[in-house]
1. Restricting attention to region 159-190, report how many residues are in contact (Cβ under 8 Å) with a residue 24 or more places away in the chain and over 25 Å from the mean Cα position of the chain (by Cα).
2. Are there any pairs, at least 6 apart or on different chains, whose C-beta atoms fall under 6 Å, with the first in region 115-134 and part of a helix (DSSP H, G or I) and surrounded by 14 or more Cβ atoms within 10 Å (Cβ to Cβ) and the second at pLDDT below 90 and among the hydroxyl-bearing types (Ser, Thr, Tyr), and if so, which?
3. Of everything in region 248-263, what is part of a loop (DSSP other than H, G, I, E, B) and surrounded by 18 or more Cβ atoms within 10 Å (Cβ to Cβ)? Give them in sequence order.
4. Would a scan of region 177-193 turn up a residue that is buried (at least 18 other Cβ atoms within 10 Å of the Cβ), part of a loop (DSSP other than H, G, I, E, B) and outside the structural domain of Gly19 (by TED's automatic domain parsing)?
5. Check Val98, Val198, Val159, Val173 and return the single one that is within 30 Å of Arg74 (Cβ to Cβ) and either in the same structural domain as Glu49 (by TED's automatic domain parsing) or of a type in the set (A, V, I, L, M) (or both).
6. Pick from Leu218, Leu241: which is among the hydrophobic types (A, V, I, L, M, F, W, C), assigned to a loop (DSSP other than H, G, I, E, B), touching a residue at least 40 places away in the same chain (Cβ under 8 Å) and touching a Pro at 6+ places or on another chain (Cβ under 9 Å)?
7. Take region 255-276 and flag every residue that is in contact with a strand residue (DSSP E or B) (Cβ under 8 Å, 6 or more places away or on another chain) and of a type in the set (A, V, I, L, M).
8. For region 10-28: of the residues being exposed (fewer than 14 other Cβ atoms within 10 Å of the Cβ) and either outside the structural domain of Arg76 (by TED's automatic domain parsing) or of a type outside the set (D, E, K, R) (or both), which is nearest to Asp95 (Cα to Cα)?
Amino acid sequence: MSLESALELYLAHLRAERGVSKNTELAYRRDLSKYLDFLEKRNLHRFSEVSNQDISDFLTSLASAPVKMAPTSRARMLSSIRGWHRFALKENLVDSDVSADLKPPKQPIRLPKALSQQQVQILLESTSDSTPQSYRDRAFLELAYASGARVSELVELSVDDIETDKELCFITVMGKGAKQRLIPIGSYALQALERYLVQGRPALAVRGVGSSKLFLNLRGNPLSRQSAWGIIKDAGKRAKLEVPLSPHTLRHSFATHLLEGGADVRVVGELLGHASVTTTQIYTKLAANTLREMYIEAHPRALKA
C-alpha cells in the first residue's frame with residue numbers, strides 16, 4: 001500500500017474509531033501531508049522504505065527551515081507521525097515501528113500569563129448590567145474566572161448543567177476526552193448567572209430556535225468560541241488593562257490565585273481537568289514569583305545594600 005493510501009486509511013480510522021473532530025482531523029492531515037511530501041521527495045513511497053533517520057531528518061528540516069517551526073509545533077508533528085506509524089504496525093503495513101525511539105524536542109518553559117487579583121476585578125467590573133448582552137457578558141466573565149473552565153467548555157454548557165443548592169452552585173463541565181467534572185462556583189458568579197438567566201437570556205432566546213445552551217448570541221443561537229473570546233477582548237479594552245489577553249487568561253488567573261491562596265496543587269488540577277499534576281505544577285512557579293515580588297517589596301532587608 002502506498003503512503004498516500006495509508007494516510008487516507010489512518011484519517012478514516014481517526015474519524016471512525018477515535019471520533020476526532022473535523023478540526024483535529026484537518027490538523028492531522030496538515031501535519032502528515034508535510035511529512036508525506038518530504039518522504040516522496042526522497043523517493044520513499046511505502047512504510048517499509050522509511051527509516052528512523054528519515055523521520056529525524058524531517059524534524060531537523062523543520063527546525064532549520066527559513067521559517068523555523070517552534071519546538072512545541074515540532075513535538076506535535078512528531079506525535080502525529082508516531083501515531084501514524086503505530087497504526088501502520090497495527091495494520092501489518094510494516095514489520096516494525098521506526099518512530100518509536102524518537103524523542104520530542106526539549107520544550108522551553110513558558111509560564112502562562114495570569115492577571116493580578118486587582119486586574120481581574122477591574123476586568124470583571126468593566127461590564128455593567130444594562131442589556132441582555134451585557135448580562136450575558138458579565139455572567140460569562142464571572143463564570144470563566146470562578147470555574148477556570150476552558151472557553152470551549154463554557155460555550156458547551158447547557159442550562160441544565162447548573163446545579164444550585166442554597167448558596168452553593170456547581171457546574172458540570174465536559175472536558176477533554178469526554179471526561180466530566182463538577183466545579184463549585186462562588187457567590188459572585190452565581191449572582192451574575194441568576195441575573196443573566198432572569199434578565200438576559202430570555203430576551204436572547206426568543207430571537208433563536210430554542211437552544212438549551214447556557215450562553216446565546218444576539219440571534220439567540222449558541223455562542224461560538226470566537227464570540228466568547230471576543231467577550232474577553234472587549235472587556236479588556238473597556239478595562240484599559242494594557243496587558244496581553246488570551247482565551248485562557250481567566251483560566252490561568254483562576255489557577256494562580258487559588259495556589260496563592262494556599263489551595264492544594266492536586267485539587268487545582270482536578271478543577272482544571274488536568275490528567276497529570278505535572279501540568280498543574282507550572283502554576284506553582286507563577287505563585288512563587290508573586291511571593292518573591294511581594295517579599296522584595298515588603299521586607300526591609302530583602303535586597304542587597
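1. 1
2. Ser134/Thr127
3. His248
4. Checking region 177-193: not a single residue is buried (at least 18 other Cβ atoms within 10 Å of the Cβ), part of a loop (DSSP other than H, G, I, E, B) and outside the structural domain of Gly19 (by TED's automatic domain parsing).
5. Result of the check over Val98, Val198, Val159, Val173: Val98.
6. Leu218
7. Leu271
8. Filtering first and then ranking leaves Ala12.
The values are calculated or read from the model by the stated rules, or taken from the named source; none is laboratory data. Since the model is a prediction, treat every value here as computed from it, not as a measurement. Don't worry about glycine lacking a Cβ; one is built from the backbone with ideal geometry, like all the others, and counts go over all protein chains shown.
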